[in-house]
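The values are calculated or read from the model by the stated rules, or taken from the named source; none is laboratory data. Quick caveat, the model's predicted, so the values are computed rather than measured. As a convention, Cβ positions derive from the backbone with ideal geometry for all residues, glycine included, and neighbour counts pool all protein chains shown. All accessible areas refer to the heavy atoms of the entire protein, side chains included, with ligands and DNA or RNA removed. Shrake-Rupley method; radii C 1.70, N 1.55, O 1.52, S 1.80 Å.
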Amino acid sequence: MSTVLNDVLLANSQYANNFDKGDLPMPPGRQFAILTCMDARLDPAKYAGLAEGDAHVIRNAGGRASDDAIRSLVISYKLLGTKEWFVIHHTDCGMETFNNDIMGNLLSGSLKTSSVDASGWHDSNVGGGTTDGKYINWLAISDQEKSVLEDVQRIRNNPMVPSDIPIYGYIYDCKSGKLLEVPEATQAGKA
């Protein structure tokens, strides 16, 4: 068994010993949802002041408004009553370091973890790869403010999203911990 697995199971055992949240209702108590990045440096519970049961937090690479993220937001509203949504990207995001071509080429070289340095991404070319990655839109980011605006607009324009849900656009600053509004995105998401 790996040390990571042991650490997680030990932490869970300690958490479960003092667990007192079993009576929380399924709908989020504060009736909002956050779509944000999976980056390990982001802790939405801390930067948004959340406790268990407060809000839905939907995470993916880049915090992008993918079909699956929109599916989750619609479920959050339609079945569980959220009334406001946040799209929160962040500074220094790994999604800014590549594009669809780079990712497709890296996967063509091998399925092993790639490396990056000042000259760009490099693949080990060990063990064979696949061309399947060339047919996926990886939703890479070239401009954070623009991507937040695009994602808010994509959510707002989805026919399953009611017009009375406000959608706010922010960028989390990894150096200061502050949420910085993207005013154009919040305007586009206005209810």
GNM flexibility winner over the chain from ASN100, ASN17, ASN125 (Cα, springs under 10 Å):
ASN17
Part-to-part distance (alpha-carbon centres) for the stretch 129-191 and the stretch 79-124, which is given in Å:
15
Can you give the charge dipole size of the stretch 106-176 about its Cα centre, rounded to the nearest 20 debye, using +1 on the beta carbon of Lys and Arg and -1 on the beta carbon of Asp and Glu?
120
Considering only the stretch 1-139, percent of DSSP beta bridges that pair antiparallel, nearest 5:
20
For a quick check, take a GNM of the chain with Cα springs below 10 Å and name the residue from THR97, THR36, THR131 with the largest mean-square fluctuation.
THR131
So how much accessible area does MET38 have, in Å² to the nearest 10, using a 1.4 Å probe?
120
Can you give the extra length, in nm with one decimal, that the chain gains between LEU179 and ALA11 once fully stretched, where that is 0.36 nm per residue apart less the Cα-Cα distance?
57.5 nm
How big is the dipole moment of the stretch 34-146 about its Cα centre under a simple scheme where the beta carbon of each Lys and Arg is +1, that of each Asp and Glu is -1, and everything else is neutral? Debye, nearest 20, please.
300
For the stretch 73-191, compute Rh as the Kirkwood radius over C-alpha pairs and then the Stokes-Einstein diffusion coefficient at 20 °C and 1.002 mPa s; write the answer in µm²/s, rounded to an integer.
131
Which of the pairs LYS46/LYS190; LYS83/LYS175; LYS46/LYS146; LYS21/LYS112; LYS83/LYS178 have their Cα atoms more than 28 Å apart in this structure?
LYS83/LYS175; LYS21/LYS112
Averaged across orientations, what area in nm² does the convex hull of the alpha carbons in the stretch 61-124 project?
5.9
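As a test of reading the structure, rank VAL57, VAL161 by solvent-accessible area (1.4 Å probe, protein chains only), most first.
Descending order: VAL57, VAL161.
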Assign unit charges at the C-beta atoms only (+1 for Lys and Arg, -1 for Asp and Glu), then state the dipole size of the chain relative to its Cα centre in Debye, rounded to the nearest 20.
340
Using a Gaussian network for the chain with springs between C-alpha atoms less than 10 Å apart, which of these wobbles most: ALA11, ALA69, ALA45?
ALA11
Kirkwood hydrodynamic radius over Cα pairs of the stretch 135-185, then Stokes diffusion coefficient at 37 °C and 0.692 mPa s, in µm²/s
266
Project the alpha carbons of the stretch 36-143 onto their principal axes and report the range along each, largest first, in whole Å.
47, 26, 25
